[in-house]
Every structure is written in structure tokens, then in C-alpha cells.
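Participant: Starting off with a structure, shown below.
The values are calculated or read from the model by the stated rules, or taken from the named source; none is laboratory data. What you see is a predicted model, and the numbers here were worked out from it, not measured in a lab. Neighbour counts are summed over all protein chains in view; Cβ atoms, including those assigned to glycine, are modelled from backbone coordinates with ideal geometry.
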Number of protein chains: 2
Amino acid sequence: MMVNVDLAKAYRLLNHGPTILVTSSHAGKQNIMAAAWNVPLDFDPPKIIVVIDKNTYTRELIEASGTFAINVPCVAQIDTVQKVGTSSGRDLEDTDKFAEYGLETFPAKEIAAPLLKGCVAWLECKIIPEPHNQNTYDLFIAEVVAAYADERVFSDGHWHFEGYDDLRTIHHVAGGSFFATGEVHQAGHSG
Amino acid sequence: MMVNVDLAKAYRLLNHGPTILVTSSHAGKQNIMAAAWNVPLDFDPPKIIVVIDKNTYTRELIEASGTFAINVPCVAQIDTVQKVGTSSGRDLEDTDKFAEYGLETFPAKEIAAPLLKGCVAWLECKIIPEPHNQNTYDLFIAEVVAAYADERVFSDGHWHFEGYDDLRTIHHVAGGSFFATGEVHQAGHSG
């Protein structure tokens, strides 16, 4: 079951540094790509940073629409993450990556980008225009306007993956190699 | 044993989203703080982003020196990370957090900031001045000018934590709760 995440706690969905999927939509076109380079930037209202290369189709769609969604994928979706992360939606004729890879989506509330089913968290984002950052560094700053999570692994502002290894978030290193988010350690209790 | 990391592969030290320690030094003062909000920004020359709040003592030292070091801590250092992440070096009289918490350091090669022993990777950074980002978002962009790692867990551009659970990198969520970097999953091999 999907639950709303309090916007003041939305940073916790990304604070541990997972690799994400960026979905976008503009003028009837939609796309999805992987982005390891993302980070929270502020708490409330929540802001985030994501790095989106100039050559990507996603870049075109998010600059045109001013919005995108962050989908936080899990271990069960590693092959999907790798596929959408190593192909371009621009190369597909008469279709898109969602159809090409059989990806199911559901609508966002505040923006046009579709949200990917099977992920464990979602953040709807509106770009704060910063042309210098975008042009010089491929760096996008956005405000999070809605956030949800799969309550099996995130509720009351906390991740809890115990018993759900396939729903653990993932962290890309390079070349299709990912780490799953691992064991919990609490400071002051580590001996 | 500490080994040099090829600068073109330095992004891999941060690509999986670990929480880091930022060390700094200026005019005989030095400090250390925790920063979950960091992310690679470019490959070669490597650039990184780190978010450093205006109220921190670290902010004062890195703006004055134009440099800082990223130290990547591990499970064995969680209590240290929590301590230096929840105290201010500005509050200490006649001492600093290194002396206060018994932290041993060694010198960096290109910058003045001390490097923390016991970490598993280190990146020496020179700030690329971007006053608007710094003042508006607490966002610092820096170029990585030297990088090293503990060869027990990182070599030839790859992390390999098997057999070294205490040296796994860590990912802060909130309130002193951390995830260790977990199991490896390779796309295309996950069934």
C-alpha cells in the first residue's frame, strides 16, 4: 500500500543515497532514465538536486515541462534500472521505454510525469530554474511537491527493510553493479 | 594500505551515496563534520557537490581556505560520525573536535585539511567558487585534486567489502541511524 510522506520528511527517502529513476512527460512524450547522482538539498520545503546530462532525452522533456518525478527503485528492479539507464528513449521509433520494457505506471498528482509501479518511493518535483547550473554543470534543483512510499518498507519517516530484501533500495557503483541498502546500525549502540 | 585512486575513477568512491566526513583547516584552526548531502557532479576532471550549512564552523574554514577534504567513514566509525555530526567545533575552547574525540589524522598532499585515520577513502577538494549557489543553497561545487582508498576494500576502481564488514561504508538516514552498504547485485545476473 502506498502512503503519503510528510513533505518535511521527504528528504529521508533520498538521504541514504539510493540510485533513482527519473520519469518525465511533455506534449505526449514520456521517458524514464536512471540517475545515481541525486541528493537532498533542503528540508522544508524539501529541495533536491539531480544531475541530468545534456545529451539525454529526459533533459529535453524536463526542461520543456519544468517538472519530473523521482522513483526510488528496489532490488527486484535492478535489471529494469540497468536497461533504462543504458538506452535512450530518443532512439525508439513509435514507442517509448515504458512500452519497450513492459513498465507499468500510475499517474502523479501534481505533475504530468508517470510514476513507475514496483518502486518503493516517489517524489514529484518542480524545477527551480537556475540556467547557469543547468548549462554549466547539468545540475537541476527542484522542489518536492508530493511524496509517497510503499508502507511495507517506509512509514512514520523511517525505512524498515527487514523481511523485504527484494524491496531494499539500491546504490549504483558502475557497470551495472549495485549495492543493496544493508543492515541498520544505530550510533551509541555499536559497542 | 592506502592506494592512490585514478582521478577519472574518483567518482566511484561516492557514487553509491555514502555519508562522508568533511575536514577543513585554515590559519591554524581545523574542524571535522558529517555530511550526508554529497554527490558526484562530473567524471574527469572529477567534481563533487557537498551541502554545508551557513551556521557551521566548517563553512567558515572552507570559505576562507577554498579547500576541504572528504573522508569516507565506515561501520567501525559510526559513533565518531555521530559525535562530530552533532557538535560544533566553534563551541570548543582551546581545543578542537580531533583532540576532544581522540581522532588521529595524517596530512593531505594538495591541501591543508587533515585526513582522518580509519576511514576507507579520502578525496582532496578545491572549491570552484559559485557565490550564488553557496549563498542561496549552501551548495558547494569542488574539483577533486587527489584521491586515495584503503586497498582492503577498494582497488582497481571497485569496492569489495566481502570479509570486511567493519569497513563497509555507511549511509545516514536520520537521528544517528545508519545503513551499512549491503550486498552486491549485478544487473543481468539477478534471475
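Participant: Failed condition for B:L103, given (1) more than 16 Å from B:N38 (Cβ to Cβ); (2) surrounded by fewer than 17 Cβ atoms within 10 Å (Cβ to Cβ), with all others met?
Facilitator: For B:L103, the failing item is (2).
Participant: Can you tell me which residue among B:G157, B:G118 is in contact (Cβ under 8 Å) with a residue 24 or more places away in the chain, on the phi > 0 side of the Ramachandran plot and in contact with a Pro (Cβ under 8 Å, 6 or more places away or on another chain)? Write out each step before concluding.
Facilitator: Numbers: B:G157 fails: in contact with a Pro (Cβ under 8 Å, 6 or more places away or on another chain).
So the residue among B:G157, B:G118 that is in contact (Cβ under 8 Å) with a residue 24 or more places away in the chain, on the phi > 0 side of the Ramachandran plot and in contact with a Pro (Cβ under 8 Å, 6 or more places away or on another chain) is B:G118.
Participant: Could you tell me which residue of the range A:22-38 is farthest from A:Y148 (Cα to Cα), considering only residues that are hydrophobic (A, V, I, L, M, F, W, C) and surrounded by fewer than 24 Cβ atoms within 10 Å (Cβ to Cβ)? Break it down stepwise before answering.
Facilitator: Here is the first cut: in the range A:22-38, the residues hydrophobic (A, V, I, L, M, F, W, C) are A:22, A:27, A:32-37.
From what is left, the residues that are surrounded by fewer than 24 Cβ atoms within 10 Å (Cβ to Cβ) are A:27, A:34-35.
Working: A:A27: 25, A:A34: 19, A:A35: 19 Å.
Checking each candidate, the answer is A:A27.
Participant: I'm checking my understanding of the structure. Among residues of the range B:137-183 that are surrounded by fewer than 16 Cβ atoms within 10 Å (Cβ to Cβ) and within 9 Å of chain A (Cβ to nearest Cβ), which one is farthest from A:V81 (Cα to Cα)?
Facilitator: Out of the qualifying residues, it is B:G175.
Participant: Quick one: in the range B:75-108, which of the residues that are assigned to a helix (DSSP H, G or I) and among the aliphatic types (A, V, I, L, M) is nearest to B:I20 (Cα to Cα)? Steps first, please.
Facilitator: Applying the first criterion (assigned to a helix (DSSP H, G or I)) to the range B:75-108 yields B:75-85, B:89-91, B:97-100.
Keeping just the survivors that are among the aliphatic types (A, V, I, L, M) gives B:75-76, B:78, B:81, B:84, B:99.
On the way: B:V75: 12, B:A76: 14, B:I78: 11, B:V81: 8, B:V84: 11, B:A99: 20 Å.
Applying the filter and picking the extreme gives B:V81.
Participant: Also: Please go through (1) at pLDDT 95 or above; (2) within 14 Å of chain A (Cβ to nearest Cβ); (3) buried (at least 21 other Cβ atoms within 10 Å of the Cβ) for B:H132 and return the number of the only condition it doesn't satisfy.
Facilitator: (3)
Residue-wise test of (1) touching a strand residue (DSSP E or B) at 6+ places or on another chain (Cβ under 6 Å); (2) over 21 Å from B:I48 (Cβ atoms).
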residue: A:M1; (1), (2): no, yes
residue: A:R12; (1), (2): yes, yes
residue: A:T23; (1), (2): yes, yes
residue: A:A27; (1), (2): no, yes
residue: A:A36; (1), (2): yes, no
residue: A:I48; (1), (2): yes, no
residue: A:S65; (1), (2): yes, yes
residue: A:I70; (1), (2): yes, no
residue: A:Q77; (1), (2): no, yes
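Participant: Separate question: Any idea how many residues of the range A:15-32 are in contact (Cβ under 8 Å) with a residue 60 or more places away in the chain and not polar (S, T, N, Q)? If you could, list the steps in order and put the result at the bottom.
Facilitator: Taking the range A:15-32 as the starting set, the residues that turn out to be in contact (Cβ under 8 Å) with a residue 60 or more places away in the chain are A:16-19, A:21, A:23-26, A:29-32.
Then keep just the ones that are not polar (S, T, N, Q); that gives A:16-18, A:21, A:26, A:29, A:32.
Total meeting the criteria: 7.
Participant: May I pose another question? Please verify whether B:K97 is charged (D, E, K, R), farther than 20 Å from B:I170 by Cβ and either surrounded by 19 or more Cβ atoms within 10 Å (Cβ to Cβ) or modelled with pLDDT of 95 or more (or both), treating the condition exactly as stated.
Facilitator: no
Participant: Something else about it: Output the residues belonging to the range B:109-122 that are part of a strand (DSSP E or B) and not hydrophobic (A, V, I, L, M, F, W, C). Even if it seems obvious, please write down each step before you answer.
Facilitator: Filtering the range B:109-122 for residues part of a strand (DSSP E or B) gives B:114-116, B:121-122.
Correct list: B:P114 only.
Participant: Output the number of residues of the range A:18-44 satisfying the condition of being closer than 13 Å to A:I70 by Cα and outside any strand (DSSP E or B).
Facilitator: 4
Participant: Does the range B:53-74 hold any residues that are within 12 Å of the chain's Cα centre (by Cα), in contact (Cβ under 8 Å) with a residue 60 or more places away in the chain and either more than 14 Å from chain A (Cβ to nearest Cβ) or part of a loop (DSSP other than H, G, I, E, B) (or both), and which are they?
Facilitator: Answer for the range B:53-74, where residues must be within 12 Å of the chain's Cα centre (by Cα), in contact (Cβ under 8 Å) with a residue 60 or more places away in the chain and either more than 14 Å from chain A (Cβ to nearest Cβ) or part of a loop (DSSP other than H, G, I, E, B) (or both): B:F68, B:P73.
Participant: Now a separate question. Quick one: how many residues across the range A:60-81 are farther than 30 Å from A:G157 by Cβ and out of contact with any helix residue (DSSP H, G or I) (no Cβ under 9 Å at 6 or more places or on another chain)?
Facilitator: Restricting attention to the range A:60-81, the residues satisfying the condition of being farther than 30 Å from A:G157 by Cβ are A:60-61, A:63-64, A:79.
If we keep only those that are out of contact with any helix residue (DSSP H, G or I) (no Cβ under 9 Å at 6 or more places or on another chain) too, we end up with A:64, A:79.
The number of residues fulfilling the criteria is 2.
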